[in-house]
1. Any residue in region 29-56 that is surrounded by fewer than 13 Cβ atoms within 10 Å (Cβ to Cβ) and at pLDDT 95 or above sitting within a Cβ distance under 8 Å of a residue that is in a helix (DSSP H, G or I) and charged (D, E, K, R)? List the pairs, counting only those 6 or more apart or interchain.
2. Whether any residue in region 80-91 is at pLDDT below 95 and of a type in the set (Asp, Glu) is what I want to check.
3. Need pairs with beta-carbon distance below 8 Å; first residue modelled with pLDDT of 95 or more and of a type in the set (Gly, Ala, Ser) and within region 167-185, second within 10 Å of the ligand (Cβ to nearest atom) and part of a helix (DSSP H, G or I); sequence gap 6+ or separate chains.
4. Could you please tell me which pairs satisfy a Cβ distance under 8 Å, a separation of 6+ or placement on different chains, a first residue in region 200-219 that is within 25 Å of residue 241 (Cβ to Cβ), and a second residue that is of a type in the set (A, V, I, L, M) and not in a loop (DSSP other than H, G, I, E, B)?
5. Could you identify the single residue in 123, 82 that is more than 11 Å from the ligand (Cβ to nearest atom), among the β-branched types (Val, Ile, Thr) and over 30 Å from residue 172 (Cβ atoms)?
6. Just to be sure I understand the filter: pairs with C-beta atoms under 7 Å, separated by 6 or more residues or on different chains, first member in region 75-104 and more than 24 Å from residue 178 (Cβ to Cβ) and outside any loop (DSSP other than H, G, I, E, B), second member within 16 Å of the ligand (Cβ to nearest atom) and among the charged types (D, E, K, R). Which pairs pass?
7. Given (1) in contact with a Lys or Arg (Cβ under 7 Å, 6 or more places away or on another chain); (2) small (Gly, Ala, Ser); (3) at pLDDT 95 or above, where does residue 104 come up short, assuming only one miss?
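The values are calculated or read from the model by the stated rules, or taken from the named source; none is laboratory data. The structure displayed is predicted, hence computed values, not measured ones. Here Cβ is always computed from backbone atoms with ideal geometry, including for glycine, and neighbour counts include all displayed protein chains.
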Amino acid sequence: MTVTAQHREVAAPSPVKLWICANDDLPPAIAGVLATHWLDEHEQQIAGRFLFERDRRQYLVAHTLVRRALALEAGLAEAELVIFRSSRGRPFLQTPDGGLPRGGPELDFNLSHASGYNLLGVVRGHRIGVDVERLDRDAQAIDTIVETFAPEEQRWVARAAQGRPRDRRVLRLWTLKEAYSKARGLGLGLPFDEFAFDLAEDRGVRGFRPPPDDATGRWRFVELEPVPDVLAAVAVQAADGQDPVLQLHHGFPWGRAAPRRIALPEPLHGTSAAGDAAR
Ligand SMILES: CC(C)(COP(=O)(O)OP(=O)(O)OC[C@H]1O[C@@H](n2cnc3c(N)ncnc32)[C@H](O)[C@@H]1OP(=O)(O)O)[C@@H](O)C(=O)NCCC(=O)NCCS
């Protein structure tokens, strides 16, 4: 980038990129070959430990997806990417000495997988967390999830009709909570009743009460249903000059099909007791 007195180039805002990839989008034989060439020793070991072929397949598709998408973003070969994990298990891409061949700020990514679907979020210069869940969860799992919620969220869930309407409310909240805690690298280590979302009836986050150690206005949240009955959520740190558009790619990143473009909502400020009472 050149900077002169007259012409000051501003770095292009980096979009938030998402890939939703079903296991069926990558034939098992191809996933196996790619994994042999691309996955590191640690990933190969994990792939070899699964008891059920179904679980192994999910792992191979998810992790070849991660390496392929990051390779395209970084300008490195899939097998050259060095992925390390924090003490809480959050994976990060190691930026090589001298920076990424494609340039730009460091990449952050986050992965989620749920019975046949893999969701990957990639962004530059700040943190991202994603979560994907299928709506067809059993009633006991739904009840267990609700117990982890903040009181105002439990009240909102209780106002829904039993069955699908209630399940949908529960899983909308759950995906958002997971996405947020995964963006922060805490996973389930963050008590889920310490922060709360205020959701619109159909889709969209109206308010966010952050946990005591976080500030308001630092995050943008997106809810998606990329495939019918598959719910997804994204939490991304708000940053100056951020591209206000999220790019959603379907399938394994082979071709260059144009992504769906979705507007990123404004960063959210905290909800108040009054906001809760109004619901
Ligand atoms: C992160 C966590 C919430 C995942 O929950 P999940 O709903 O079962 O799984 P998802 O499919 O949404 O996400 C799994 C992916 O999240 C990523 N991940 C793992 N730990 C993560 C963390 N702390 N923060 C963000 N992302 C994480 C990984 O890519 C993982 O997939 P992989 O193991 O195949 O690489 C859960 O594993 C967790 O709480 N981990 C933290 C455990 C911890 O605190 N350990 C402390 C050391 S003992």
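1. Short answer, once both residue conditions are applied: 37/78.
2. No, region 80-91 has no match at all.
3. Going by the 8 Å Cβ cut-off, the qualifying pairs are 181/187; 181/188; 181/189.
4. Sorted first by the residue in region 200-219, then by its partner, the pairs are 205/176; 205/199; 208/196; 219/183; 219/235; 219/236.
5. Details: 123 fails: over 30 Å from residue 172 (Cβ atoms).
From the options 123, 82, the qualifying one is 82.
6. Filtered contacts from region 75-104: 78/67; 78/68.
7. The one condition residue 104 does not meet is (3).
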